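Trainee: Okay, here's the structure, questions in a sec.
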Amino acid sequence: RLVKDEAEFMVRKLYERHVRGKVRDQLSVVLSVLYIACVKNGFIVEYKKFVKMGMSGRAYNKVKALVNTPVVVENPLAYIERYALELGFSEADARNAINIINNKGFSGTPRIAAVAALYVAKYGNDLTHISAVSKQAKMPHISLKNYVLKYL
């Protein structure tokens, strides 16, 4: 309901400003509005999934600028519980990962930062399990390794 109301508000705002686009760009504009509404209301959504559905970065930037909506940068802490369950990490590993992120901070992709913190919490400086964890988490092996090395 929150996302729907926020999206309606943004679409009205865009309509008032006479935003017109090609027919093929309308899907991208709608997806951009939905993505911004989700993020603004605290729902965890992945930018890549919206891009795969047809959202373009150009439309996203245009919509974001026209609606004057500050988009909050996602926090990797929001992903830790989800990935701990998906990857089979324990509750203690999740708590340790939260402490790692709070102490070391993060920059870049919050999903990869969350998985890297979980990895360090469970395996420490043993880098032999990175490829298996990266496959299971569906993320690039090198990116995960770089984040793990930052957290060590």
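Trainee: Would you point out the residue of segment 102-129, among those that are closer than 21 Å to Val39 by Cα and among the aliphatic types (A, V, I, L, M), that is surrounded by the fewest Cβ atoms within 10 Å (Cβ to Cβ)? Write out each step before concluding.
Mentor: First, the residues of segment 102-129 that are closer than 21 Å to Val39 by Cα: 105-115.
Then drop every residue that is not among the aliphatic types (A, V, I, L, M), which leaves 112-115.
Working: Ile112: 21, Ala113: 28, Ala114: 28, Val115: 31.
So the residue we want is Ile112.
Trainee: Considering only segment 106-152, give the helices (runs of 4 or more DSSP H) lying wholly within it that have at least 2 residues that are in contact with a Pro (Cβ under 6 Å, 6 or more places away or on another chain). Steps first, please.
Mentor: On the way: elements: 110-123, 130-137, 141-151.
Result: 110-123.
Trainee: Pull out all pairs, ordered by first then second residue, where Cβ-Cβ is under 6 Å, the residues are six or more apart or on different chains, the first lies in segment 1-27 and is over 14 Å from Leu66 (Cα atoms) and modelled with pLDDT of 80 or more, and the second is open to solvent by less than 60 Å² (accessible area, probe 1.4 Å) and small (Gly, Ala, Ser).
Mentor: The qualifying pairs are Val3/Ala37; Glu6/Ala37; Leu27/Gly54.
Trainee: Here's a follow-up. Residue under question is Glu46, and the condition is that it be within 30 Å of Lys13 (Cβ to Cβ), touching a residue at least 24 places away in the same chain (Cβ under 8 Å) and among the acidic types (Asp, Glu); does it hold?
Mentor: Values: within 30 Å of Lys13 (Cβ to Cβ): yes; touching a residue at least 24 places away in the same chain (Cβ under 8 Å): yes; among the acidic types (Asp, Glu): yes.
It is true that Glu46 is within 30 Å of Lys13 (Cβ to Cβ), touching a residue at least 24 places away in the same chain (Cβ under 8 Å) and among the acidic types (Asp, Glu).
Trainee: Something else about it: Select, from Ser56, Ser143, Ser134, the only residue that is of a type in the set (Ser, Thr, Tyr), under 19 Å from the mean Cα position of the chain (by Cα) and closer than 30 Å to Ala7 by Cβ.
Mentor: Working: Ser143 fails: closer than 30 Å to Ala7 by Cβ; Ser134 fails: closer than 30 Å to Ala7 by Cβ.
Answer to the selection: Ser56.
Trainee: Still on this structure, I have one more. Being of a type in the set (Ser, Thr, Tyr), in a loop (DSSP other than H, G, I, E, B) and in contact with a Ser or Thr (Cβ under 9 Å, 6 or more places away or on another chain) is the filter here; which residues of segment 47-101 pass it?
Mentor: To start, the set of residues in segment 47-101 that are of a type in the set (Ser, Thr, Tyr) comprises 47, 56, 60, 69, 79, 83, 90.
Cutting the leftovers down to in a loop (DSSP other than H, G, I, E, B) gives us 56, 69, 90.
Ser56, the sole residue that qualifies.
Trainee: Return yes or no: is Leu77 over 18 Å from the mean Cα position of the chain (by Cα), under 25 Å from Val3 (Cα atoms) and surrounded by 14 or more Cβ atoms within 10 Å (Cβ to Cβ)? So that I can check it myself, show each step before the final result.
Mentor: Working: over 18 Å from the mean Cα position of the chain (by Cα): no; under 25 Å from Val3 (Cα atoms): yes; surrounded by 14 or more Cβ atoms within 10 Å (Cβ to Cβ): yes.
No: the conditions fail for Leu77.
Trainee: Now a separate question. Do we find that Val30 is part of a helix (DSSP H, G or I), farther than 29 Å from Ala113 by Cβ and either at pLDDT below 85 or open to solvent by less than 70 Å² (accessible area, probe 1.4 Å) (or both) in this structure? Show your work before the answer.
Mentor: Details: part of a helix (DSSP H, G or I): yes; farther than 29 Å from Ala113 by Cβ: yes; either at pLDDT below 85 or open to solvent by less than 70 Å² (accessible area, probe 1.4 Å) (or both): no.
It is false that Val30 is part of a helix (DSSP H, G or I), farther than 29 Å from Ala113 by Cβ and either at pLDDT below 85 or open to solvent by less than 70 Å² (accessible area, probe 1.4 Å) (or both).
The values are calculated or read from the model by the stated rules, or taken from the named source; none is laboratory data. Computed from a predicted structure; not experimentally measured. Positions of Cβ are backbone-derived with ideal geometry, glycine not excepted, and every protein chain shown enters the neighbour counts. The area values use the complete protein model at the heavy-atom level, side chains included, leaving out ligands, DNA and RNA. Shrake-Rupley method; radii C 1.70, N 1.55, O 1.52, S 1.80 Å.
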